[in-house]
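The values are calculated or read from the model by the stated rules, or taken from the named source; none is laboratory data. Not measured: the values here are computed from a predicted model. Virtual Cβ from ideal backbone geometry, glycine too; neighbours counted across all protein chains shown. Ligands, DNA and RNA are excluded from the accessible area calculation, which covers all protein heavy atoms including side chains. Shrake-Rupley method; radii C 1.70, N 1.55, O 1.52, S 1.80 Å.
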Amino acid sequence: VHYDDSTARGVFFGHLQIISACDLLIAFLPEASMGTAIEMQEAYVRKIPIITISPMTTNWVIRLLSAKNFETVGEFEKFVSENDLRKVAAGFRIAVEEKA
């Protein structure tokens, strides 16, 4: 994406503001992303549960901040089809609050 600095600043900080209104953050990380890592940190600090979809199972950000990681989109799709994400998010939120 080729934004000028002003637009980039607005997009970046705008995304961080959106996170504060979330009940659950789902992050897709097929490869490392500094921006997504910062968004995950913001969610974690705000005690917002994080689900990741990533094959990078040894990545510290994914290991330490995710309530649950799925290595493939297919695994995530199966999980979503079998579960009510509102209930999952509530359960993860309790676990995140207890962990903090």
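Considering only region 76-89, state which residues are open to solvent by 40 Å² or more (accessible area, probe 1.4 Å) and either in contact (Cβ under 8 Å) with a residue 12 or more places away in the chain or part of a loop (DSSP other than H, G, I, E, B) (or both). Full working, then the answer.
Of all residues in region 76-89, those open to solvent by 40 Å² or more (accessible area, probe 1.4 Å) come to 77-78, 80-87.
Scanning region 76-89 gives Asn83, Asp84, Leu85, Arg86.
Is there a residue in region 28-35 that is exposed (fewer than 14 other Cβ atoms within 10 Å of the Cβ), at pLDDT 95 or above and of a type in the set (D, E, K, R)?
yes
Let me spell it out: the conditions are (1) surrounded by 12 or more Cβ atoms within 10 Å (Cβ to Cβ); (2) outside any strand (DSSP E or B), and Thr57 meets all of them except one. Which number is the exception?
(1)
Against the condition open to solvent by less than 40 Å² (accessible area, probe 1.4 Å) and either hydroxyl-bearing (Ser, Thr, Tyr) or under 15 Å from the mean Cα position of the chain (by Cα) (or both), how does Leu65 come out, does it pass? Give the steps one after another, and end with the answer.
Values: open to solvent by less than 40 Å² (accessible area, probe 1.4 Å): yes; either hydroxyl-bearing (Ser, Thr, Tyr) or under 15 Å from the mean Cα position of the chain (by Cα) (or both): yes.
Criteria met by Leu65.
Kindly establish whether Ile48 is closer than 18 Å to Phe92 by Cβ and not in a strand (DSSP E or B).
Working: closer than 18 Å to Phe92 by Cβ: yes; not in a strand (DSSP E or B): yes.
Judged against the criteria, Ile48 is a match.
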